[in-house]
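Working notes, structure below.
The values are calculated or read from the model by the stated rules, or taken from the named source; none is laboratory data. In this text, all values refer to a predicted model and were calculated from it rather than measured experimentally. Every residue, glycine among them, receives a Cβ derived from its backbone with ideal geometry; neighbour counts consider all protein chains shown.
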Amino acid sequence: MPAKKIVNPVVAIVGATGAVGVELLQCLEQRKFPLKELKLFASARSAGKTMEFRGKPLAVQELTEASFDGVHIGLFSAGSGTSKKFAPAAVKAGTVIVDNSSAFRMDPGVPLVVPEINREAIFTHKGIIANPNCSAIISITPLWPIHKKNRIKRLIISTYQAASGAGAAAMEELRESTRAYLDGKKFEPKVLPHPYAFNAFSHNTKIDPATGHNEEETKVINETHKIFGDPDIHIGITCVRIPVLRAHCVSVTFECEKPITPEEVRELIAKAPGCKLVDDQVRNYFPMPVDASGKDEILVGRIRRDLSDTTGRSISIFSAGDQLLKGAALNAVQIAEELVR
Ligand code: A2P
């Protein structure tokens, strides 16, 4: 049975005080999300704090299993552990969850959605809809119109990831460690495993010894297969953190089944929902985190032939997208909008 439209909902943000939580609140406000009431939840540490929504202060409450009584839509962004712990109580209370964590993404019964790609999957939900990994969203949203026209059979991705993906504390660590570096002071990293200022390091998730890939890389591979509904795309990927606050960059080379030209790709990207072409070869002006930060669109450019493929089937592009917006909060709110539309 198709999921019913939710009218005038009570909406809850779980993890409201976090880097993504703050953006969820702002997206709801800026996009004039039609809601009756907004509730804010976080850990006991934040209980009693206030945040502003539509010009009024709202108190943050401690999340408990009883928090979901009367809540129609729950936007979760408090980490996998919290999602796993509280999702059963929320679903039991009749709340539809849009979950930003990785807890349920690969569950075959849970739709994993980028609205520009597989919007219709939303309506198959059984209480939980998963929001994909930020690097996956930013890498593959521009590729979808190309894939539909000329199937992509192979992808090579390198990411340049911002601090925000590791949460508000990692963003603060980048600021503090940069200040310390410039002042010539010693700084002990607490959130990330390596010095962040003026450095770059392999993504801070666990490596699977069987594949040599870290969890971030594995997520992008698996989630791309699920969102595109095409498990046969061959994907090679390297994920790296760079000292940028909130926008990820991705270098993507893709090989299509049939020959394709940079001009064709440029045309498709210029019309791709959720994307903006930034491809000025004369001025050497291409997607950058400073331009992508705070923007809804994924910036896409550097569109050129991959010269290592002499068959004319491969193209390289470079994109930048706001990790907190399209990579997380905005995508989740877009999903929620479909539930109330
Ligand atoms: P709190 O601020 O009270 O710790 P980030 O991704 O920026 O690190 O944010 C994580 C978010 O998840 C914060 O809002 C944090 O709240 C919240 N959070 C973490 N653990 C829990 C928990 N056990 N229950 C509810 N919220 C949690």
Tally the residues that are within 14 Å of the ligand (Cβ to nearest atom), among the aliphatic types (A, V, I, L, M) and buried (at least 21 other Cβ atoms within 10 Å of the Cβ), restricting the search to segment 58-71.
2
Give the residues of segment 72-90 that are within 15 Å of the ligand (Cβ to nearest atom), farther than 26 Å from Ser164 by Cβ and touching a residue at least 24 places away in the same chain (Cβ under 8 Å), sorted by residue number.
Ala89
When residues of segment 281-302 are filtered for being surrounded by 24 or more Cβ atoms within 10 Å (Cβ to Cβ) and in a strand (DSSP E or B), how many remain?
3
For Phe53, the lone unmet condition from (1) under 21 Å from Asn331 (Cβ atoms); (2) near the ligand (Cβ under 10 Å from one of its atoms) is (2)
Ser83: touching a Phe, Trp or Tyr at 6+ places or on another chain (Cβ under 7 Å), farther than 20 Å from Val10 by Cβ and outside the structural domain of Ala247 (by TED's automatic domain parsing), yes or no?
no
Between residues in segment 302-314 that are of a type in the set (Lys, Arg) and residues that are modelled with pLDDT of 95 or more and not in a strand (DSSP E or B), which pairs lie under 7 Å by C-beta distance while being six or more apart or on different chains?
Arg302/Asp279; Arg302/Phe286; Arg304/Pro262; Arg305/Pro262; Arg313/Lys258; Arg313/Pro259; Arg313/Ile260
Of the numbered conditions (1) under 21 Å from the mean Cα position of the chain (by Cα); (2) crowded, with 19+ Cβ neighbours inside 10 Å; (3) part of a helix (DSSP H, G or I), Ala90 satisfies every one except a single condition; which is it?
(1)
Show me the helices (runs of 4 or more DSSP H) found entirely inside segment 117-196 where at least 1 residues are among the hydroxyl-bearing types (Ser, Thr, Tyr), over 22 Å from Val20 (Cα atoms) and assigned by TED's automatic domain parsing to the domain that holds Met288.
168-182
Starting from segment 160-178, take each residue that is on the phi > 0 side of the Ramachandran plot and list its partners that are surrounded by fewer than 19 Cβ atoms within 10 Å (Cβ to Cβ) and at pLDDT 95 or above, counting only C-beta distances under 8 angstrom and pairs at least six apart or across chains.
Gly167/Val191
So Ser158 clears everything in (1) within 16 Å of the ligand (Cβ to nearest atom); (2) closer than 17 Å to Gly327 by Cα; (3) surrounded by fewer than 21 Cβ atoms within 10 Å (Cβ to Cβ) except one condition, right? Which one?
(1)
Under the condition of being surrounded by fewer than 15 Cβ atoms within 10 Å (Cβ to Cβ) and of a type in the set (Ser, Thr, Tyr), which residue from segment 9-50 is nearest to the ligand (Cβ to nearest atom)?
Ser43
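Which ones in segment 303-324 are assigned to a strand (DSSP E or B) and not charged (D, E, K, R)?
Taking segment 303-324 first, the residues assigned to a strand (DSSP E or B) are 303-305, 314-322.
Ile303, Ser314, Ile315, Ser316, Ile317, Phe318, Ser319, Ala320, Gly321, listed by residue number.
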Pairs only if they're at least six apart or on different chains, beta carbon under 7 angstrom, first in segment 60-71 and in a loop (DSSP other than H, G, I, E, B), second basic (Lys, Arg) and away from the ligand (no atom under 13 Å from the Cβ); list them, first residue then second.
none
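Look at Lys5 and say whether it is surrounded by fewer than 23 Cβ atoms within 10 Å (Cβ to Cβ), charged (D, E, K, R), in a loop (DSSP other than H, G, I, E, B) and more than 9 Å from the ligand (Cβ to nearest atom).
Details: surrounded by fewer than 23 Cβ atoms within 10 Å (Cβ to Cβ): yes; charged (D, E, K, R): yes; in a loop (DSSP other than H, G, I, E, B): yes; more than 9 Å from the ligand (Cβ to nearest atom): yes.
For Lys5, the condition - surrounded by fewer than 23 Cβ atoms within 10 Å (Cβ to Cβ), charged (D, E, K, R), in a loop (DSSP other than H, G, I, E, B) and more than 9 Å from the ligand (Cβ to nearest atom) - is met.
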